[in-house]
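Read-outs: derived from the displayed coordinates by stated rules, not from any lab. Note that the structure is a prediction, hence the values are computed from the model and not measured. Neighbour counts run over all protein chains shown; Cβ positions are idealised from the backbone, glycine included.
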Amino acid sequence: MPHTNKPLYFPVIADKPCELDWTTCYEIIKGTCEGLNHLHMQKKHIFHLDMKPANILLDNSMAPKIADLGLSKLVSSTITYKAEVKKGTYGYMPPEYINNGFISEKFDVFSLGVIIIKMMAGNTGHVSCFEMSPKEFIELVSKTWKEKMQAVSGYSSHEIYILQVRRCIEIALRCICKDRKERPNIEKIVHELEELEVETNKIALPFDRSKDLILKRSCATNDVAVEPAFELRFLFEPRKEVSCCLQLTNKTDGFLAFNIKVNKNKYRAQPSIGTMPPCSKCYVIVTLRPQGAAPPNMQCHDMLLVQSISISEQLASEDTQISYQEVFKTTLAEKVVDEVKLPIVYVPLLDG
């Protein structure tokens, strides 16, 4: 299979904040920082000098790769140099370079800050960071991401993720300081992100599933049997797609419609909706999309919800014409939907 790369500006950079889930977005930010640190920490330092979304490529597993070193400069120390001819991309070049042609390790740090802000706040949000105080901008970005997380089914652990959001936007704002001496170097940024990992690991409380292990239903019926019955397990491998099978069994002598609800940014269910004849089985493939890294302590707080309702044989015969969303919306209001809630569990891949 051919290995393709796509530039960071699609779909991560747009007028609105990054369309990806926060975990993937964070891994892209962290991976980009680590890549830039690798360039700057060479025996002969490499200053990229054209860091921008189009020069950060994402592979099939969404891992970032810094590309296009056409304007890069190989230097023997981290002192400041002066360029005779100015080249680069406006919007990503620091003021000391635009005004005086000065080049230092802080050039790339400024560009990195712009990229992170545009990822987290969008192009329009990037403009806002110059129109309000840092504190106001951090609150605005944090609120936006919290609302995004709350709007997605199965997305929990908001406190940990919002801590990552706040720390990343704080770092980005320091990166775009007008005075290059106030910007952190890339080694310090990577160190701060490593410390953040330690901090989030400490505050990640053991996942209490005492209640979640119970199949939660909105009515007393037991129309659909779900296997596995207690939790959905994925053999987790970083940056790899992993699938498992869910078996649904219609235990009634009537027709049922089913609906699978899960965080669509992280998982894919096929089929996610459908009908089941009396006393029949249906197999659903649930796929975990590639994730940059496992959550702290392998504690996954996601859930998968299986909804089912009784439908008439006539409606079942019109399977391709059914508006499942409308059917479930109506029956939810009437509280006649059968629900099974399964915790999602990540299992580490053991060596050997």
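What is the distance, in nm, between label points placed 7 Å from the Cα along the Cα-to-Cβ direction at GLN270 and at ASP59?
2.3 nm
Which of the residue pairs LYS65/LYS106; LYS135/LYS240; LYS181/LYS266; LYS44/LYS65 have a Cα-Cα distance greater than 29 Å in the structure shown?
Checking Cα-Cα distances, LYS135/LYS240; LYS181/LYS266 exceed 29 Å.
At LEU74 and GLU34, where each label point lies 7 Å from the Cα along Cα→Cβ, what is the point-to-point distance in nanometres?
2.6 nm
Placing +1 on the Cβ of each Lys and Arg and -1 on the Cβ of each Asp and Glu in the range 236-287, which of THR252, ILE273, THR287 has its Cα farthest towards the positive end of the resulting dipole?
Sorting the options by dipole projection puts first THR287.
Evaluate the range 6-203: find the radius of gyration of its Cα atoms, find its Kirkwood radius, and give the ratio Rg to Rh.
Reported Rg/Rh, Kirkwood definition of Rh: 0.96.
Sorted by packing (mean other beta-carbon atoms within 10 Å per residue), highest first, where do 133-139, 263-269 land? If you can, show how the numbers build up before the last one.
Details: 133-139: 14.0, 263-269: 18.4.
Peptide ranking by packing, descending: 263-269, 133-139.
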